[in-house]
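Below is one structure; the comments refer to it alone.
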Amino acid sequence: MKAATPCTECPLRALPLFVPHTEAELALVQLLKRRELVLGEGETLIHEGQTDTRLFTLLEGWAYRFKTLSDGRRQILNFLLAGDFIGVQQKMGDSAAHGVVTLTTARFCVFDRDALWELHRDQPTMGFNVTWLTAHEESLVDDNLLSIGRRSAEERVATSLILLYKRAAALRAHAEEPGEGVLFPPTQQHLADALGLSLAHTNKTLRKLQQRNLFRMVGGRLQLIDASALAQLADLYGDGRPPARPLV
């Protein structure tokens, strides 16, 4: 089994996407980190209604956060990529209001829930960072709600493709080669469940956008052929590139 990654050697921290932290902040995170957890594709990290959840930082891979209705219908709230902090939405002692499932094999840093108190008490800046991360994730859910409530099917799919592409691209340690694209594990069913569309409508919309030569999927990788046209169709605020962010 792969050894746990020391916080000072975390490959994510070298990426421009993540803001630097002080030695004292890294030492506290390392102290609070209990272990690393590896799950395979389609495994559950957090069950809906679970009462003993911990906190996690996604170190490698993809996952998604979701809620289901009593008949099994699923709404994907947002997709989770490396660097995302997971589980802070659950109040102390309450049950989890959502579930988290992996989209790929994924590695997580594991923290006890009490770590939140220690971060706020011993390193207030890190406590603020947790608040920032929570607010940022809420903004992603807000964007998805806007898509479901007001955007057309084409606009919804275009928004999802370009935002997920930009998030994944920001996690690369090297410059993009022409035509390389990014790994894109969500299936059409995942996109449908995230965007409030039927599977048939999602399939039809993806084909229409491909026929307009806006993107292509090759070997499980998403390539944006005309990113500016896709962003214009999505009616995005900005270019979709994620802001620099802290890392717990």
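The values are calculated or read from the model by the stated rules, or taken from the named source; none is laboratory data. None of these values were measured; they are calculated from a predicted model. Here Cβ is always computed from backbone atoms with ideal geometry, including for glycine, and neighbour counts include all displayed protein chains.
Structure above, values below:
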{"item": "Test: residue in region 79-94 that is free of Cβ contacts under 8 Å to residues at least 40 places away in the same chain, over 27 Å from T44 (Cβ atoms), outside any helix (DSSP H, G or I) and over 15 Å from the mean Cα position of the chain (by Cα)", "result": "no"}
{"item": "Region 172-189, residues that are part of a loop (DSSP other than H, G, I, E, B) and modelled with pLDDT of 95 or more", "result": "F184, P185, P186, T187"}
{"item": "Among residues of region 1-25, those that are under 23 Å from W117 (Cβ atoms), part of a helix (DSSP H, G or I) and under 22 Å from the mean Cα position of the chain (by Cα), counted", "result": "1"}
{"item": "The one condition in (1) in contact with a helix residue (DSSP H, G or I) (Cβ under 9 Å, 6 or more places away or on another chain); (2) under 23 Å from E138 (Cα atoms); (3) modelled with pLDDT under 95 that D52 fails to fulfil", "result": "(1)"}
{"item": "Among (1) crowded, with 16+ Cβ neighbours inside 10 Å; (2) not small (G, A, S); (3) not in a strand (DSSP E or B) - the single one F56 does not satisfy", "result": "(3)"}
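Residue-by-condition table, conditions (1) out of contact with any Pro (no Cβ under 9 Å at 6 or more places or on another chain); (2) among the β-branched types (V, I, T); (3) on the phi > 0 side of the Ramachandran plot:
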{"site": "R34", "(1), (2), (3)": "yes, no, no"}
{"site": "L45", "(1), (2), (3)": "yes, no, no"}
{"site": "D52", "(1), (2), (3)": "yes, no, no"}
{"site": "T57", "(1), (2), (3)": "yes, yes, no"}
{"site": "G72", "(1), (2), (3)": "yes, no, yes"}
{"site": "V100", "(1), (2), (3)": "yes, yes, no"}
